[in-house]
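The values are calculated or read from the model by the stated rules, or taken from the named source; none is laboratory data. Quick caveat, the model's predicted, so the values are computed rather than measured. Every residue, glycine among them, receives a Cβ derived from its backbone with ideal geometry; neighbour counts consider all protein chains shown.
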């Protein structure tokens, strides 16, 4: 199924949408096709058909849902296949999940963006148009959901706001240097926060601290209900790496 705009001559993006939620995929296809810088917009409703269309059409951008019912693979697995076989094709992942491991997996797979599926079409368009740049762009709403910290349960240690920020970023696999850059604090100060977290959680390593925080209910797995103005206007970029992600971050306007 294809929608074409043959009158577009410059800065044309050819796009493939792969999503098993047909109504969402069709709506997104129509919205993209109505943009002056979109050439052809194809849609596939399962991963197998999507990979076949990638091979046939060689789109500039693939917008790929993470979750697919009845398939052992997910969108992150397929994003890695696409990027390995067609390195010039960019991949924008959409998700309704708030699993912190998605960020690291998406970065390792070589995806160009990880966006909240309940975000606006403008945010998705921004990711499509910006995905020529290197690194993984993470939707700010999704990022807040992934790093959100719950109110402590009975018996859990009380964390300061800054300690909570650092803990949330440790969950995403960031090292002290990347966290210090994101929070605009010195590396020594960041290491001091991490040392305090280890002490409060009675942990011997950062990995153990994250595990204890999960077990004690300090980390949120739910989506945030409210989007503040800053979150709706910002995305965060994480540099891809060939091995386990040790990303650096910067805000994109």
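Residues are listed down the side, and each one gets a yes or a no for (1) within 21 Å of residue 22 (Cα to Cα); (2) modelled with pLDDT of 90 or more; (3) over 14 Å from the mean Cα position of the chain (by Cα):
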| site | (1), (2), (3) |
| --- | --- |
| 42 | yes, yes, yes |
| 52 | yes, yes, yes |
| 107 | no, no, no |
| 120 | yes, no, yes |
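Scanning segment 55-81 for residues that are free of Cβ contacts under 8 Å to residues at least 60 places away in the same chain, part of a helix (DSSP H, G or I) and touching a helix residue (DSSP H, G or I) at 6+ places or on another chain (Cβ under 6 Å), which turns out surrounded by the fewest Cβ atoms within 10 Å (Cβ to Cβ)? Before you say what the answer is, go through the steps one by one.
Kept after step one, since they are free of Cβ contacts under 8 Å to residues at least 60 places away in the same chain, are these residues of segment 55-81: 55-60, 62, 64-77, 79-81.
Next cut, part of a helix (DSSP H, G or I) only: 55-57, 75-77, 79-81.
Next, from what is left, pick out any that are touching a helix residue (DSSP H, G or I) at 6+ places or on another chain (Cβ under 6 Å): 76, 79-80.
Numbers: 76: 23, 79: 27, 80: 18.
Result: 80.
Which members of segment 19-41 meet the condition of being closer than 14 Å to residue 68 by Cα and either touching a residue at least 60 places away in the same chain (Cβ under 8 Å) or in a helix (DSSP H, G or I) (or both)?
At the first step, the residues of segment 19-41 found to be closer than 14 Å to residue 68 by Cα are 19-22, 24-25.
Passing the criteria: 19, 22, 24, 25.
Looking at 103, 92, which one is surrounded by 22 or more Cβ atoms within 10 Å (Cβ to Cβ), under 10 Å from the mean Cα position of the chain (by Cα) and in a strand (DSSP E or B)?
Values: 103 fails: in a strand (DSSP E or B).
From the options 103, 92, the qualifying one is 92.
Given the criterion in contact with a helix residue (DSSP H, G or I) (Cβ under 9 Å, 6 or more places away or on another chain) and either at pLDDT below 80 or not assigned by TED's automatic domain parsing to the domain that holds residue 97 (or both), identify the matching residue among 151, 145, 130, 176.
Values: 151 fails: in contact with a helix residue (DSSP H, G or I) (Cβ under 9 Å, 6 or more places away or on another chain); 145 fails: in contact with a helix residue (DSSP H, G or I) (Cβ under 9 Å, 6 or more places away or on another chain); 130 fails: in contact with a helix residue (DSSP H, G or I) (Cβ under 9 Å, 6 or more places away or on another chain).
Matching residue, one of 151, 145, 130, 176: 176.
Among 97, 35, which is the only one that is under 30 Å from residue 218 (Cβ atoms), at pLDDT below 95, surrounded by fewer than 22 Cβ atoms within 10 Å (Cβ to Cβ) and out of contact with any strand residue (DSSP E or B) (no Cβ under 7 Å at 6 or more places or on another chain)? It would help to see each step written out before you state the result.
Values: 35 fails: under 30 Å from residue 218 (Cβ atoms).
None of the other options fit; the residue is 97.
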